[in-house]
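What follows is one structure encoded as structure tokens, with my remarks underneath.
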């Protein structure tokens, strides 16, 4: 498959790009094409150093999505709307994976869902032509970027399109040891989105770090 | 300590009573005193059969709380208000542990929090004289009742009184392998309460059972 990772120069983007590049063509997307190309080059080097052949290219967000079957939205909630407007001309029926968590920080992080109930549903309403699937909110980027690490943790996947969810489930299995779980409809994404600020706060309170979640 | 378990004839009540009876006096509370005494007798037998000395008695909910330092509310949300009214004359400054999750079932379970934001906060507002601590929502009763089992899972503890939270943290450590985690203020209980219907739904969707949660 061809996978565009938008906000792909961030660390979650790096982790997903490197993990998926073993079997897929990756397009790292950014507003800044040079930054995207540099990042893509860096990720390629990491894999080449390990003797892994891969194809990772950098592009503008729009170009990345134009080429892709699957697009990953890995940007802050506030940045998502401008990004979506920029992508609109090239959106058709791609699978769009939302990692987005609307939250604010005062003393602690707080989940701040939109009127629609969660970010994933909000995005689906804005771009009904694509199939939004919600996943990967609670994967630690440090763990994801450490390619030697088998990640103990579950990824809950929410979405309204069964086939799109299946694709994301299979992509999830490619991340070693991570278990994909069906979280139900896109509206259920509220729960997994709201876990993110909760996990960050709990890590701080308990002297832990990089918390993910596992259902046991 | 003296611990009253209200709704103590239910299976979560059974599990907590048997696990804590190794070090504490347990009062199993019920609206029906005979049922409470029968349950207490059954739990005692289980422990005696294992060569464990214990003191577990049955009583009315009110009598149980009258004797106790810690009272566990292990009843359905709908039943909590009548229970609280009945307890009111004997409440002073006990620690009250709320396991309560307001939820309803249509096709799937849905979290239905009160106006206050969560059940624990609602209860604290109703009985400000006690110290409400929220915990144990996501322990599988099957695992808890199987006394041979070390339970792999975390218990998130929320509350506004530091000392009361400390007591519940120590009680949690007595359940083998379970890890207590500080979940913050009582208002944060919303997150752990809402996990319960989510876990039940996810278990059903994924062919799993008795799901708890572990932060990894």
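Each value in this text was obtained by applying a stated rule to the coordinates, not by laboratory testing. Here the structure is a predicted model, which is why all the values come from computation and not from measurement. Cβ: placed from backbone, ideal geometry, glycine included. Neighbour counts: every protein chain shown.
Counting other C-beta atoms within 10 Å, which of B:216, B:133 has the fewest, and how do the rest follow?
If I rank by nearby Cβ atoms, fewest first, I get B:216, B:133.
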### Query
Taking only C-alpha pairs under 8 Å that are 6+ residues apart, what is the relative contact order of region B:54-160 in percent?
22 percent
### Order of A:108, B:20 - criterion: other Cβ atoms within 10 Å of each residue's Cβ, fewest first
A:108, B:20
### Query
For the rotation that brings chain B onto chain A, whose beta-carbon in chain B is nearest the axis, and what is that distance in whole angstrom?
B:214, 2
### Message
Over chain A, with a Gaussian network built from C-alpha contacts below 10 Å, which listed residue (A:169, A:196, A:48) shows the highest mean-square fluctuation?
### Response
A:48
### Task
Take the alpha-carbon centre of region A:131-151, take the same for region B:68-90, and report the distance between them in whole Å.
43 Å
### Query
With contacts defined as alpha carbon pairs under 8 Å and 6 or more residues apart, what's the relative contact order of chain B in percent?
18 percent
#### Entry: Inter-chain shielding of B:204-216 (mean C-beta neighbours from other protein chains, 10 Å cut-off)
5
### Task
Would you mind getting the Kirkwood hydrodynamic radius of chain A from its Cα pairs, rounded to one decimal in Å?
17.2 Å
### Task
Taking every Cα atom in region A:106-216, find the radius of gyration and the maximum pairwise distance Dmax, and write them in Å.
14.5, 43
### Task
Could you calculate the contour length gain from residue A:126 to residue A:174, that is, 0.36 nm times the residue separation minus the distance between their Cα atoms, to one decimal place in nm?
14.3 nm
#### Entry: Copies compared at residue A:79 - label distances in nm, ascending, label defined 7 Å from Cα in the Cβ direction
5.1
### Other copies of residue B:92: label-to-label distances in nm, shortest first, labels 7 Å along the beta-carbon direction
7.6
### Task
Mind putting together the pair-distance distribution for the protein assembly as shown? All Cα pairs, 20 Å bins, whole percent per bin, short to long.
25, 48, 22, 5
### Query
Tell me, A:151, B:127 in order of fewest to most beta-carbon neighbours within 10 Å?
B:127, A:151
### Query
So what is the orientation-averaged projected area of region A:1-102, using the convex hull of its C-alpha atoms, in nm²?
5.6 nm²
### Message
Under the convention of a label 7 Å out along Cα→Cβ, give the distances in nm from residue A:42 to the same position in every other copy, shortest first.
### Response
6.1
